[in-house]
1. Taking the range 95-117 as the region of interest, how many residues are touching a residue at least 40 places away in the same chain (Cβ under 8 Å) and either closer than 28 Å to Pro277 by Cα or in contact with a Phe, Trp or Tyr (Cβ under 7 Å, 6 or more places away or on another chain) (or both)?
2. Can you name every residue in the range 100-121 that is outside any loop (DSSP other than H, G, I, E, B) and open to solvent by less than 30 Å² (accessible area, probe 1.4 Å)?
3. For Asn240, state whether it is under 30 Å from Gln204 (Cα atoms), buried (at least 19 other Cβ atoms within 10 Å of the Cβ) and out of contact with any strand residue (DSSP E or B) (no Cβ under 8 Å at 6 or more places or on another chain).
4. Which pairs have Cβ atoms under 6 Å, sit 6 or more apart or on different chains, and link a residue in the range 351-366 that is open to solvent by less than 10 Å² (accessible area, probe 1.4 Å) to one that is modelled with pLDDT under 90?
5. Restricting the search to the range 213-234, which residues are surrounded by fewer than 21 Cβ atoms within 10 Å (Cβ to Cβ) and at pLDDT 95 or above?
6. Can you name the residue in the range 158-178 that is open to solvent by less than 10 Å² (accessible area, probe 1.4 Å) and in a helix (DSSP H, G or I) and is also farthest from Glu94 (Cα to Cα) among such residues?
7. If we keep just the residues of the range 436-458 that are among the charged types (D, E, K, R) and not in a helix (DSSP H, G or I), which is most open to solvent (accessible area, probe 1.4 Å)?
8. What is the residue count in the range 463-475 for residues that are open to solvent by 10 Å² or more (accessible area, probe 1.4 Å) and within 19 Å of the chain's Cα centre (by Cα)?
Amino acid sequence: MLLSKKQPSAAATQWIEKVKYHKNRDSYFKFLGNPHFRYTAFLLVFLSLWFLLQVFWFPPTKPTQTKFSTTTPKPSAGKCNGNVAVYVYNLPAEFNLGLLDDCSHLNIYTNMCPHVANHGLGQPLDNMDLQSSDSNPWFATHQFIAEMIFHARVDNHPCRTWDPSKANLFYVPFYGGLHVSSNFREPNHAIRDALAVKLVDYLQAQPTWRKNNGKDHFLALGRTSWDFMRTDSGPDFGANCLLNLPCVKNMSVLTVERNPWKGSNQHGIPYPSYFHPSTSDQMMTWQNMMRQSNRPYLFSFIGAPRKGVGKAAIRDEMIKQCMESTQCKILKCDHGNPKCYDPSEILKVMRESRFCLQAPGDSFTRRSTFDAILSGCIPVFFSRHTAYTQYSWFLPEEASKYSVYMDEQSEESKRIEEVLMKMPKEEVDTMRATVIDMIPRLTYAHPNASHSDLGFEDAVDVTLQALAQHVRDKI
C-alpha cells in the first residue's frame, strides 16, 4: 500500500514566493499602465480561455481500470431505499489492508498474493464466456476471500453513510479469515488470539460502540465459523477465539458457514464464485445462456474422496454410483487433478448437468453449491446444514422449489440415479428456472460497478437489507 510523502520543501517554497510578492508588489503595479503589458495580458487571457475550452469540451477518456484506494471513494450512482445506512469503520491498517503486505504468508497452504488482487476477486480469467463485454466479469476468486470483496463493495455502496449519527449499521472491516489462516500452526494461543483481542479493545473504546453496546455492529468473515470458535475443552485445529469473545457475541457475524447450534448471532453469506458482473446486461446474458444450455448428463459430482468415517462414507458412495452410471459426469479431484483448479472445467461439468451432487466436505458447506447455482444446475443435498440452515436470507423458503434432499443415511442416497430419474420433466424444468432466477442474489458484483448500471440486487445488497431489519428487531 503506497503512502503519500510529506513535501515540506513545497510549503517552504510557497512561503518564500509569498514574501517575494509582497516585497515587490509596488513594482508590479508600475507595469499596469504600459500598453505593451496590456496587450500581452489580453493575449494570455485569450490563450488560457482557449485551452480551458479544449480541456472541458473534449475531456480525456477515463481509464478502464481503477485501483483500490484508502482515500474517500465516490459512492455508486443510484439511490438507497432508505432502510439501510451503513457506516464503515476506518480501522487501523493492521486489521485489514496492512495484512496484505505479507500476502504470501496469509495462508499456510497457498500463496494468497494472486488472490488478494483486484479487491479480492483474484486474477482475471481469459478463457470464459462474455469476454466481448465492456469489462471482463470472470476472475479466479479464492473460496475464502468473501471478507475482502464485501469490504470493497460496501466502500462503494450507495447505502454507505459518512456520518455515524445517521447510521443504523456499523461495519467493522476486519480481515479475520485471512489473519486466522496465517496462524493455524501457531502453538501459542495468546499469540493466535492477540489481534482479535486487540480489535475488541479498539471497538469498546469507540463512542459509536457504546451507544448500543455493539448490537448494531457487524463483521464479515470469509472462512467458516469453526475457525473462530476454539474452546479450551475442544480439539485444537488452529482456530482462534474471536467468535467466543463476549463483545463479539453482541455483534452480528456474517460468515460463509455458521454454527447451526451455537451461532445465534451468525448469518450465512454465499461463498464467492468466479462471476462478478458490472452490469445488468452481463447478468441477464449469462442467465439466458444457462437457460439455453444443453444438459446431456442427469447428474454430476466434482470432488475428492475424504478421510474419516462420516465424510468418507457419503463421498465414496457418490463416487461409486457416479462412476457406475452412464448418466453421470464425474470430475475426481484427487492426486492434484489440474481440471479441479480450472474454473472453466468446473463450470463446464455443471452446465452440462441437470443435477449437481453436493456432499459435505471438510465442513458442512461447499463453494461448489454456488458454482452449481451459477451454472443453472439443481443442487442435491445430503445434509440440511449444507444450505438450509445456513443461507436463509438468500434461498427460497421451500427447499423443494430449487433443490433435492436425500439424507445421507437414507436408502434414497444409495440409489441416486433412480430417484432423480423419477422426477417429472416439468417439475425439473421449473426447479431449474428457479435456480437460474436465484443467481443475482447469490453473486458478488464487481466492487467498481456503478449501482445504476448494475440493475440487480447482489449478495451484498441482500445482506445489508436483511441485516438492517435484523438489527431493528434486536434493538
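The values are calculated or read from the model by the stated rules, or taken from the named source; none is laboratory data. This is a predicted model, so every value here is computed, not measured. So basically every Cβ, Gly included, is an ideal-geometry build from the backbone, and we count neighbours across all protein chains shown. For the accessible areas, the whole protein counts, side chains as well, though only heavy atoms, and no ligand, DNA or RNA atoms are used. Shrake-Rupley method; radii C 1.70, N 1.55, O 1.52, S 1.80 Å.
1. 12
2. Going through the range 100-121, the residues outside any loop (DSSP other than H, G, I, E, B) turn out to be 100-105, 118-120.
Selection gives Cys103, His119, Gly120.
3. yes
4. Qualifying pairs under 6 Å: Ala359/Ile314; Ala359/Arg315.
5. Across the range 213-234, the qualifying residues are Asn213, Lys215, Trp226, Met229.
6. Gly177
7. Residue satisfying both the conditions and the ranking: Glu457.
8. 2
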